[in-house]
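Remarks on the structure that follows.
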Amino acid sequence: MPRDAITSDKLPPSPGPFSVGVRAGELIFLSGQVGTDPHTDALVHGGVAEQTEQAIHNLAAVLEAAGRTLDDVVRVGVYLTDIGNFAAMNEVYAHHFSAPYPARTTIGVAALPLGALVEIDLVAR
């Protein structure tokens, strides 16, 4: 199956050997995004809520470049450096997704790029 890279002029280029998004057939796979400000490439100020908000905005920008929105998301992966931040992340998350909600997994991890508190990836149709 062919795959096509998806890019967005609203985000800086990928810092490594990966695409921010890939279309494979009818599915769109987005690489993990942390809460970086696309203008400075630095993490936004604040805690997990602010970083979650920015990570979702970054993902939405890639979806927009693919002609999709958050309503097209079918699966989300959330990675937290402190699972104690689950409620704060979940409150922000709930403002961006609606029923029927995407399938989701939330995993506690030891560390994330740039010292981020949260990273989110997703699959859309």
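The values are calculated or read from the model by the stated rules, or taken from the named source; none is laboratory data. Treat the numbers as computed from the prediction; the structure is a model and nothing was measured. Don't worry about glycine lacking a Cβ; one is built from the backbone with ideal geometry, like all the others, and counts go over all protein chains shown. The area values use the complete protein model at the heavy-atom level, side chains included, leaving out ligands, DNA and RNA. Shrake-Rupley method; radii C 1.70, N 1.55, O 1.52, S 1.80 Å.
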| query | If you roll a 1.4 Å probe over the heavy atoms of the protein chains, what accessible area per residue do you get for the chain, in Å²? | reply | 55
| task | Pull out a ≥ b ≥ c, the square roots of the eigenvalues of the alpha-carbon gyration tensor of the chain, then state rounded if a/c is under 1.5, prolate if not and a/b is larger than b/c, and oblate in the remaining case. | result | oblate
| query | Rounded to a whole number, what % of the accessible area of region 40-87 do carbon and sulfur atoms account for, probe 1.4 Å? | reply | 52
| task | May I ask for the angle, rounded to the nearest 10°, between helix 86-96 and the longest principal axis of the chain, with both axes built from Cα atoms and the value confined to 0 to 90°? | result | 40
| message | Under a Cβ-only charge scheme (Lys and Arg +1, Asp and Glu -1), can you give me the dipole magnitude of the chain about the Cα centre, in debye to the nearest 20? | response | 380
| query | Where the centroid of each part is defined by its Cα atoms, how far is region 21-40 from region 46-122 in Å? | reply | 11
| DSSP beta bridge pairing in the chain, given as percent antiparallel to the nearest 5 | 80
| To the nearest 20 debye, what charge dipole does region 1-50 have about its Cα centre, counting +1 at the Cβ of each Lys and Arg and -1 at the Cβ of each Asp and Glu? | 160
| Between helix 48-65 and the chain: long-axis angle, C-alpha atoms, 0 to 90°, nearest 10 | 10
| query | Over the chain, what is the relative contact order in whole percent, taking alpha-carbon pairs under 8 Å and six or more residues apart? | reply | 31
